[in-house]
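Asks: Once you've had a glance at the structure underneath, I'll fire off some questions.
The values are calculated or read from the model by the stated rules, or taken from the named source; none is laboratory data. Note that the coordinates shown come from a computational prediction; the quantities given were computed from them, not determined experimentally. Cβ coordinates were reconstructed from backbone atoms using ideal geometry, including for glycine residues, and neighbour counts include every protein chain displayed. The area values use the complete protein model at the heavy-atom level, side chains included, leaving out ligands, DNA and RNA. Shrake-Rupley method; radii C 1.70, N 1.55, O 1.52, S 1.80 Å.
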Protein chains: 2
Amino acid sequence: MAGNRPPDRGREPEEPRVDPLLEVREKRRGQRPGDSYVRIVRPFEDEFEREEGRLVATERTVLERSGWTRTLRGIRTFLIGRPISSDHEQHERLTKVKALAIFSSDNISSSAYGPEEILRVLALAGAGALTLTLPIAGLIIGMLAIVTMSYRQTIKAYPLGASSYIVASDNLGDRAGVLAASALLIGYVVTVAVSVSAGVAAMTSILPGLYDYRVYVSVAMVVLLTLGNLRGIRESGSIFMAPTYLYIVTMLGIIGYALVRNVLGDLPPYTPPQEWALSEGTQVLGLFLLLRAFSQGAVALTGVEAISDGVPAFKAPEWRNARTTLTWATAIFGILFLGIAYLITTLGFVPDPTEQQTVLSLLVRHVTGNGAILILAQVATALLLVLAANTSFADFPRLSSFLARDGFMPRQFAFRGERLAFTTGIVALAGLAILLLVSFRASVTGLIPLYTLGVFIAFTLSQAGMLQRWWRRHEAGWRQGMVINGLGAATTAVVALVVGTSNFFQGSWMVMVLVPALMALLMGIRAHYRRMEHQLHPTPDADDDKEPDPIVIVPLARLDRPARRALAFARTISPHATAVHITNDPHTAEQLREAWGSLAGPMELVVVESPYRALVGPLLRYMDALQSLHPSRPIVVVLAEVVPRHWWENLLHNQTSLRLKLRLFGRKNTIVADVPFHLDD
Amino acid sequence: MAGNRPPDRGREPEEPRVDPLLEVREKRRGQRPGDSYVRIVRPFEDEFEREEGRLVATERTVLERSGWTRTLRGIRTFLIGRPISSDHEQHERLTKVKALAIFSSDNISSSAYGPEEILRVLALAGAGALTLTLPIAGLIIGMLAIVTMSYRQTIKAYPLGASSYIVASDNLGDRAGVLAASALLIGYVVTVAVSVSAGVAAMTSILPGLYDYRVYVSVAMVVLLTLGNLRGIRESGSIFMAPTYLYIVTMLGIIGYALVRNVLGDLPPYTPPQEWALSEGTQVLGLFLLLRAFSQGAVALTGVEAISDGVPAFKAPEWRNARTTLTWATAIFGILFLGIAYLITTLGFVPDPTEQQTVLSLLVRHVTGNGAILILAQVATALLLVLAANTSFADFPRLSSFLARDGFMPRQFAFRGERLAFTTGIVALAGLAILLLVSFRASVTGLIPLYTLGVFIAFTLSQAGMLQRWWRRHEAGWRQGMVINGLGAATTAVVALVVGTSNFFQGSWMVMVLVPALMALLMGIRAHYRRMEHQLHPTPDADDDKEPDPIVIVPLARLDRPARRALAFARTISPHATAVHITNDPHTAEQLREAWGSLAGPMELVVVESPYRALVGPLLRYMDALQSLHPSRPIVVVLAEVVPRHWWENLLHNQTSLRLKLRLFGRKNTIVADVPFHLDD
């Protein structure tokens, strides 16, 4: 088909090209002169299907056929399954019963640790302060009611998804939107860490031996969640319904039973172990401590966003079903939260200072004993908390994909992976959550101060956005709407302020540093992409379609087979290609020069001696010199590369060529062509 | 110069090429038609000097001109200085006085810790066993005398450098040579760790506050040595003479003074602190413990190799001067070692169990008090020990370069860096030594068991090689030579055996694992290089010089400016280049197809839909299909790449293209051409 032609040849037209993948055809082929036969060519019909004018790749194109990539693929398939076609994207709609289980797990699960966190702060002021747990819990539930009413309006206004990012962007502009998004992204990471830590704490309460390994167990949980989500476990899986309702039923039962026994005077007060006994208290019970206790408990409100995010997943009428579900979730949560707070206050519980047992587990044990019900309650709690973490695994990647679509995050975040999940977002979330879990040794109390602030910033922005929307649109009921959303915005703003200041040294300073930093990063990324888009857009006066003759050079160390192939390829690009030999050894240069005429054909050889033994520098300067004569012509650097059979053998090759490529990549008007020479081994 | 030509054009001959760097010339240049002028072109005369038929790069070609590479260059110049030309390679010859100072520092410095290490083992058997220190030291010096005699012959036989690797390879074959080399390489790494640890121990003996930071201080020392050696401090620097002679004079003086006072009955016995008091001893004083004590002391012999390695650096007659120096070094070391061993035995010293103070420092303090002489002695000791570590910084990279030259190690080890030092070897040695120092918390006692075995394996092989040489050559005096080298080989073999077995669990097992592993690695590397050389060698029937018309494809995501440049370049290579659009979005594919005719010119566009959202797999399969029609033609993949201004912005670009290139690198007969598009930002 192609022989050794003179370098200055004209191009012959090839045989008429018919794409081998598009056409079944007859082909006449001569292996030797005169030897011709007819053959039906239809290769790769398993790999590609033909549709009018285009090819559709089948799953086989994704599967690997040999070598280490195949091994990797095998591991991947074992862990997350086979690739899924875009055609199979699911659009299942949720009933209210399912949606309550799936979206409100974050919300309801905070009843497992919320009251305890209030108690822990109050304990700092001594045993007497503990009775304030119930009033604080009541205040929190009151605020939750306000926020719920406010979000009911948001849901109606944004039936396509009422993420704070969308509501704030839409009404208050990009900056507000990105601020809300930054706060939420951080909030999601902390949600995973908090929920997993609390889930593990529920387990260690009945399996004390696990306590020393809590960080490992937590990390393992995150890894499992990650694999599950990469595999694409849909939020709609019915399997996720069980933990929520199991928890609700079990806890309502236990609380009811305890209340009845309490009314009957059958339930004795709790006697903490001697070594937990609270002394006078290390801090004065002032306003500040009360605010901190309130802040710790305010985690209860953080779950509201999940239902608003998920409005489009409800059955029609979406917004009506979603807000009914929200109301129900708030009601159930309120009963659980207040019930637990009432019982631990009345019965005189104190927190375990070593964090080995949760107060909830102490309560259940006190009411029901060490039996099956305790185990059931703890298992339900642990499962629910893991499910709550899973909510973030749905929300974080989705929000990231919105941000990537709008140019605020790298584009990878918007790509669906082989299983249709947002792979990059899932992996990023998991990595960050593991970092948090390890840094905070999986301590719920340590993590909570990082949790609440971000979420409340987002809440405030979302509701302020609604306020602006009512004001601008003057739709029916706008006065009433403004009152409700205004009250919601004011409430959450106050909570944000309280959380931010009272927990400042406990950790909210980190959020105050991270949220603006992340925001700046997101804005910076979009600015970069915009500048880039501007430059990449074809303009009428751009000369991108011109084809100036390239200057072709071939750096070579010696005349081995890879070098000869590189030279041959260089000649196909340009009849004036030049070989460049940079060396610190005049002797080998002389040998090369002598061998040149007979071996390399009619090509020019430039010898550059490099007494400083550097290769890259002199080559770049030589290219500068060539370029100075022909400023408009691109320089093509043809590199011969030895490709070993095994990747680790690359340590023995190509070190110089890698450094060279890195530098050439940064040089303008420079095209690098890699001509590989594969070793058989 | 180049316009938009039809794709099927023939190549025009360019203007006659005269290399702009080789010739001062007059050039006629037309900017617009009819507008011509004469100009002297001699650019880059500062970068390149012209010599007959070739260019010589000046230092300016190595210096960076802008951006982060310039910053890196600045840091580099600050740390290790400006590049040095190969012309300046030093060939200074050493007098015996200088050579003694430089080459025997390793040897003589072991008198600072050798006696103590014997004492420490004996102390395990209780206070009574300590008196055996002197006889063991005597035995060691006796063996040193034998080895010295043996090496005097080796030096005469190998005046070009008597490294065990060379002697063993030359006489016993490659395997023996590589075994010796592996043992030596490991020995050099341990030498650095031991010497630096001992030097830091000498410092902490007078500055106890430093003890807690000994690992950091040790690592800092290694880093300093590394920088010094990268900078190219030559072994010959006179500055290195001072510590050796300072140590010899100070220690000889102190020992002499102590001996005189001892004879006069003026020196009281040593009273150790209460808490150091030795109980009955935890182990029985059996043969095994005696052998271990001997092994620990045998470090004394490890320095012999350095002088043998360095024979060519002596003034003529090299071998005679070298062996005289070796004899002197042995004699001085013998006196110091025996003197110190005698004194600590007679005066009843016991080792500090916490390793905070060296026995030598206790001795000096006991003899001379807490004054200036103590400080002088400790400073001299510390400096000498660091100098001893520096010996390895000369030997390890040199041995590595020999091994790399012979194909046993990656070629980088044979390249001289910008300062003429073997950069790769120096950095590798430093990294490994730091790893050891950190793992062993800079404990001399912990490191010694790793030290001796490797060196003695190399000794044995070297002397066995000499035995073989005498036998084969029957040169004058061969009988006597065989007796001496045989005695040497037998002695060192016995020591290797004793060290290996008695210290097995203390650490020599590691050497027994690492030496064969390293040996296997080195042999494997050479086998790889040989197979490769075989394949790279041009053969008459290889068709590397043929230039089959390449198949050119341009994968593209959209028709932006980078893509258009890539298409333009593809057209310069082949008139039949094809664009391939792989997408998971049929809608954008349709848009691209509609825009194609008007924007991209007469080029074919193939659309591949990828419902599994994969890019790499379908493209590779498509290339397979093309290849199946034209098995002999290479496929050129032209990739458009956006190059941002700042390297970190690459995180926002080219992720897919990077993965694609990685996979294409592994595909046979595939040439990848990168067409960059530089963003201005």
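Asks: Evaluate segment B:546-565: report whether one residue or more is under 26 Å from B:Val672 (Cβ atoms), open to solvent by 50 Å² or more (accessible area, probe 1.4 Å) and facing chain A (nearest Cβ under 8 Å).
Replies: If we filter segment B:546-565 for residues that are under 26 Å from B:Val672 (Cβ atoms), which is where we start, we get B:546-565.
Next, from what is left, pick out any that are open to solvent by 50 Å² or more (accessible area, probe 1.4 Å): B:546, B:557-558, B:565.
Imposing the further condition that a residue be facing chain A (nearest Cβ under 8 Å) reduces the set to B:546, B:565.
Yes, segment B:546-565 has at least one match.
Asks: Could you pull out the residue among A:Thr148, A:Thr154, A:Thr131 that is closer than 25 Å to A:Pro351 by Cα and among the polar types (S, T, N, Q)? Don't jump to the end; show me each part of the working.
Replies: Working: A:Thr148 fails: closer than 25 Å to A:Pro351 by Cα; A:Thr154 fails: closer than 25 Å to A:Pro351 by Cα.
None of the others qualify; the one that does is A:Thr131.
Asks: Next question, about the same structure. Only one residue in B:Tyr211, B:Tyr245 is farther than 25 Å from B:Arg416 by Cα and surrounded by 17 or more Cβ atoms within 10 Å (Cβ to Cβ), so which one is that? So that I can check it myself, show each step before the final result.
Replies: Details: B:Tyr245 fails: surrounded by 17 or more Cβ atoms within 10 Å (Cβ to Cβ).
Residue meeting the stated conditions: B:Tyr211.
Asks: Quick one: which residue in B:Phe314, B:Phe294 is closer than 20 Å to B:Phe459 by Cα, in contact (Cβ under 8 Å) with a residue 40 or more places away in the chain and within 36 Å of the chain's Cα centre (by Cα)? Spell out how you get there, then give the answer.
Replies: Values: B:Phe314 fails: closer than 20 Å to B:Phe459 by Cα.
After ruling out the rest, the residue left standing is B:Phe294.
Asks: A:Ala442 passes all but one of (1) part of a loop (DSSP other than H, G, I, E, B); (2) surrounded by fewer than 24 Cβ atoms within 10 Å (Cβ to Cβ); which number fails?
Replies: The number of the failed condition is (2).
Asks: Let me ask something else about it. Filter segment B:306-335 for residues that are small (Gly, Ala, Ser) and at pLDDT 90 or above and give the result. Give the steps one after another, and end with the answer.
Replies: First pass over segment B:306-335, keeping only residues small (Gly, Ala, Ser): B:306, B:308, B:310, B:313, B:316, B:322, B:329, B:331, B:334.
If the condition is that a residue be small (Gly, Ala, Ser) and at pLDDT 90 or above, then B:Ala322, B:Ala329, B:Ala331, B:Gly334 are the ones that fit.
Asks: Okay, moving on. Which one of these does A:Gly524 not meet: (1) more than 9 Å from chain B (Cβ to nearest Cβ); (2) open to solvent by less than 10 Å² (accessible area, probe 1.4 Å); (3) closer than 30 Å to A:Gln412 by Cα?
Replies: The one condition A:Gly524 does not meet is (2).
Asks: Further, regarding this structure: Say we look at segment B:405-429 and pick out the residues that are open to solvent by less than 10 Å² (accessible area, probe 1.4 Å) and part of a helix (DSSP H, G or I); which of these is farthest from the other protein chains (Cβ to nearest Cβ)?
Replies: Here the residue is B:Leu429.
Asks: Determine whether segment B:634-643 contains at least one residue that is touching a residue at least 60 places away in the same chain (Cβ under 8 Å), at the interface with chain A (Cβ under 9 Å from one of its Cβ atoms), open to solvent by 10 Å² or more (accessible area, probe 1.4 Å) and not in a helix (DSSP H, G or I).
Replies: Going residue by residue through segment B:634-643, those that are touching a residue at least 60 places away in the same chain (Cβ under 8 Å) are B:634-642.
Imposing the further condition that a residue be at the interface with chain A (Cβ under 9 Å from one of its Cβ atoms) reduces the set to B:634, B:636, B:638, B:641-642.
Applying the additional criterion that residues be open to solvent by 10 Å² or more (accessible area, probe 1.4 Å) yields B:634, B:642.
Subset that is not in a helix (DSSP H, G or I): B:634, B:642.
There is at least one residue in segment B:634-643 that is touching a residue at least 60 places away in the same chain (Cβ under 8 Å), at the interface with chain A (Cβ under 9 Å from one of its Cβ atoms), open to solvent by 10 Å² or more (accessible area, probe 1.4 Å) and not in a helix (DSSP H, G or I).
Asks: Here is a follow-up. Could you go through segment A:571-591 and let me know if any residue there is in contact (Cβ under 8 Å) with a residue 60 or more places away in the chain, open to solvent by less than 50 Å² (accessible area, probe 1.4 Å) and more than 9 Å from chain B (Cβ to nearest Cβ). Explain how you work it out, then say what you get.
Replies: Filtering segment A:571-591 down to residues in contact (Cβ under 8 Å) with a residue 60 or more places away in the chain leaves A:571, A:573-575, A:577.
Checking which are open to solvent by less than 50 Å² (accessible area, probe 1.4 Å) leaves us with A:571, A:573-575, A:577.
From what's left, more than 9 Å from chain B (Cβ to nearest Cβ): A:577.
Yes, some residue in segment A:571-591 is in contact (Cβ under 8 Å) with a residue 60 or more places away in the chain, open to solvent by less than 50 Å² (accessible area, probe 1.4 Å) and more than 9 Å from chain B (Cβ to nearest Cβ).
Asks: Kindly provide the set of residues from segment B:366-385 that are buried (at least 24 other Cβ atoms within 10 Å of the Cβ) and either in contact with a Lys or Arg (Cβ under 8 Å, 6 or more places away or on another chain) or among the small types (Gly, Ala, Ser) (or both), ordered by number. Let's see the steps before the verdict.
Replies: Of all residues in segment B:366-385, those buried (at least 24 other Cβ atoms within 10 Å of the Cβ) come to B:377-378, B:381-382, B:384-385.
If the condition is that a residue be buried (at least 24 other Cβ atoms within 10 Å of the Cβ) and either in contact with a Lys or Arg (Cβ under 8 Å, 6 or more places away or on another chain) or among the small types (Gly, Ala, Ser) (or both), then B:Ala377, B:Ala382 are the ones that fit.
Asks: Residues to consider are B:Val495, B:Val511; find the one that is more than 12 Å from every other protein chain (Cβ to nearest Cβ), touching a Gly at 6+ places or on another chain (Cβ under 7 Å), assigned to a helix (DSSP H, G or I) and within 24 Å of B:Asp395 (Cα to Cα). Steps first, answer last, please.
Replies: On the way: B:Val495 fails: touching a Gly at 6+ places or on another chain (Cβ under 7 Å).
Every option except B:Val511 fails the conditions.
Asks: Pick from segment A:655-668 the residues that are within 13 Å of A:Pro555 (Cβ to Cβ) and of a type in the set (S, T, N, Q): which of them is surrounded by the most Cβ atoms within 10 Å (Cβ to Cβ)?
Replies: The initial filter retains those residues of segment A:655-668 that are within 13 Å of A:Pro555 (Cβ to Cβ), namely A:656-657, A:659-661, A:663-664.
Next, only the ones that are of a type in the set (S, T, N, Q) stay: A:656-657.
On the way: A:Thr656: 16, A:Ser657: 18.
If we take residues in segment A:655-668 being within 13 Å of A:Pro555 (Cβ to Cβ) and of a type in the set (S, T, N, Q), then A:Ser657 is surrounded by the most Cβ atoms within 10 Å (Cβ to Cβ).
Asks: Quick check on segment A:578-597. Is at least one of its residues within 29 Å of B:Val643 (Cβ to Cβ), assigned to a helix (DSSP H, G or I) and within 47 Å of the chain's Cα centre (by Cα)?
Replies: First, the residues of segment A:578-597 that are within 29 Å of B:Val643 (Cβ to Cβ): A:578-582.
Subsequent filtering for residues that are assigned to a helix (DSSP H, G or I) retains none.
For segment A:578-597, residues within 29 Å of B:Val643 (Cβ to Cβ), assigned to a helix (DSSP H, G or I) and within 47 Å of the chain's Cα centre (by Cα): absent.
Asks: A further question follows. Need the failing condition index for A:Gly142 against (1) open to solvent by less than 10 Å² (accessible area, probe 1.4 Å); (2) without any contact (Cβ under 8 Å) to a residue 60 or more places away in the chain, just the number.
Replies: The one condition A:Gly142 does not meet is (1).
Asks: Of all residues in segment A:609-630, which are in contact with a Lys or Arg (Cβ under 7 Å, 6 or more places away or on another chain) and at the interface with another protein chain (Cβ under 7 Å from one of its Cβ atoms)?
Replies: A:Glu609, A:Arg613
Asks: Of the residues B:Thr539, B:Thr501, which single one is in a helix (DSSP H, G or I) and either of a type in the set (S, T, N, Q) or buried (at least 20 other Cβ atoms within 10 Å of the Cβ) (or both)? Steps first, please.
Replies: Working: B:Thr539 fails: in a helix (DSSP H, G or I).
Unique residue meeting the criteria: B:Thr501.
Asks: Go through (1) at pLDDT 65 or above; (2) loosely packed, with under 12 Cβ neighbours inside 10 Å; (3) in contact with a strand residue (DSSP E or B) (Cβ under 8 Å, 6 or more places away or on another chain) and name the single condition A:Val56 misses.
Replies: Answer for A:Val56: the failing condition is (2).
Asks: Give A:Glu641, A:Glu609 a once-over and let me know the one that is under 47 Å from the mean Cα position of the chain (by Cα) and acidic (Asp, Glu). Please lay out each step first, then the result.
Replies: On the way: A:Glu609 fails: under 47 Å from the mean Cα position of the chain (by Cα).
When all the criteria are applied, what remains is A:Glu641.
Asks: Let me ask something additional. Would you mind listing the helices (runs of 4 or more DSSP H) fully within segment A:293-376 where at least 2 residues are within 22 Å of A:Val249 (Cα to Cα) and acidic (Asp, Glu)?
Replies: Per the criteria, no element qualifies.
Asks: Tell me whether segment B:596-604 contains one or more residues that are away from every other protein chain (no Cβ under 12 Å) and crowded, with 21+ Cβ neighbours inside 10 Å.
Replies: Kept after step one, since they are away from every other protein chain (no Cβ under 12 Å), are these residues of segment B:596-604: B:597.
Then drop every residue that is not crowded, with 21+ Cβ neighbours inside 10 Å, which leaves none.
Within segment B:596-604, not a single residue is away from every other protein chain (no Cβ under 12 Å) and crowded, with 21+ Cβ neighbours inside 10 Å.
Asks: If you don't mind, another one. Take A:Ala388 and tell me if it is among the small types (Gly, Ala, Ser) and either surrounded by fewer than 22 Cβ atoms within 10 Å (Cβ to Cβ) or not in a helix (DSSP H, G or I) (or both).
Replies: Working: among the small types (Gly, Ala, Ser): yes; either surrounded by fewer than 22 Cβ atoms within 10 Å (Cβ to Cβ) or not in a helix (DSSP H, G or I) (or both): no.
So A:Ala388 fails the test.
Asks: Then there's this: Only one residue in B:Leu338, B:Leu363 is open to solvent by less than 10 Å² (accessible area, probe 1.4 Å), at pLDDT 90 or above and within 20 Å of B:Ala137 (Cα to Cα). Which one? Give the derivation first.
Replies: Details: B:Leu338 fails: open to solvent by less than 10 Å² (accessible area, probe 1.4 Å).
The conditions single out B:Leu363.
Asks: Would you be able to say whether some residue in segment A:103-126 is farther than 16 Å from A:Ala380 by Cα, modelled with pLDDT under 85, under 25 Å from the mean Cα position of the chain (by Cα) and open to solvent by less than 10 Å² (accessible area, probe 1.4 Å)?
Replies: yes
Asks: A further question on this structure: In segment B:662-681, what residues are more than 7 Å from chain A (Cβ to nearest Cβ) and in contact with an Asp or Glu (Cβ under 8 Å, 6 or more places away or on another chain)?
Replies: B:Phe677
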